[in-house]
Every structure is written in structure tokens, then in C-alpha cells.
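Report on one structure; see the data block that follows.
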């Protein structure tokens, strides 16, 4: 007896689990997006997620702790890397 299971679409995955190419490199607006995930900051800077996590741990990328999660304050991030005048990249 053959059983056929229909393929269901994959559920959406959180940004932290998406491949680097799927995370937006567009510059965020601190008024609407006050914090960034580490993978998003890595994509904006054009570095690997591993390198970004290491830079956060070393204090090279500013971060705040929210529970056990580390987030990057958008305004400080943009200012530190002088990204506010940079054209948006998609």
C-alpha cells in the first residue's frame, strides 16, 4: 500500500535562521526600527554572522541585552559606522 503525503509549504523562519542572502541589507530607520538583530547588522556591514556575533561579544558592535537576546541599537550602530548618508542597498 502506497501512502502519499502532500507537500506542505515550509513555515516562515525567523531572521536569525535565514541564510545571509535573505536578510535585508537596506539601511533601517531608527524611528521605525529601534533595534537590529545581529544577522541583520552583519548583512548591512557585509560580514558573516559569526564575525558579527564575535564583534558584539568583544564590544566592537554596540549591543543591549533583552533577556538572553542581544540586540543592536539602530541609531548607535548607524552612527558608529557612519552609515546614515550611505545610499540604500537592497
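Modelled spin labels at residue 29 and residue 81, positioned 7 Å past Cα toward Cβ, are 2.0 nm from each other.
Here the gap between residue 45 and residue 66, fully extended at 0.36 nm per residue and compared with their Cα-Cα distance, gives a gain of 5.3 nm.
With 10 Å bins beginning at zero, the pair-distance distribution over Cα atoms of the range 17-84 amounts to 22, 60, 19 %.
No value in this document is a laboratory result; all are computed from the given coordinates. Treat the numbers as computed from the prediction; the structure is a model and nothing was measured. We place every Cβ from the backbone using ideal geometry, glycine too, and count neighbours over all the protein chains shown.
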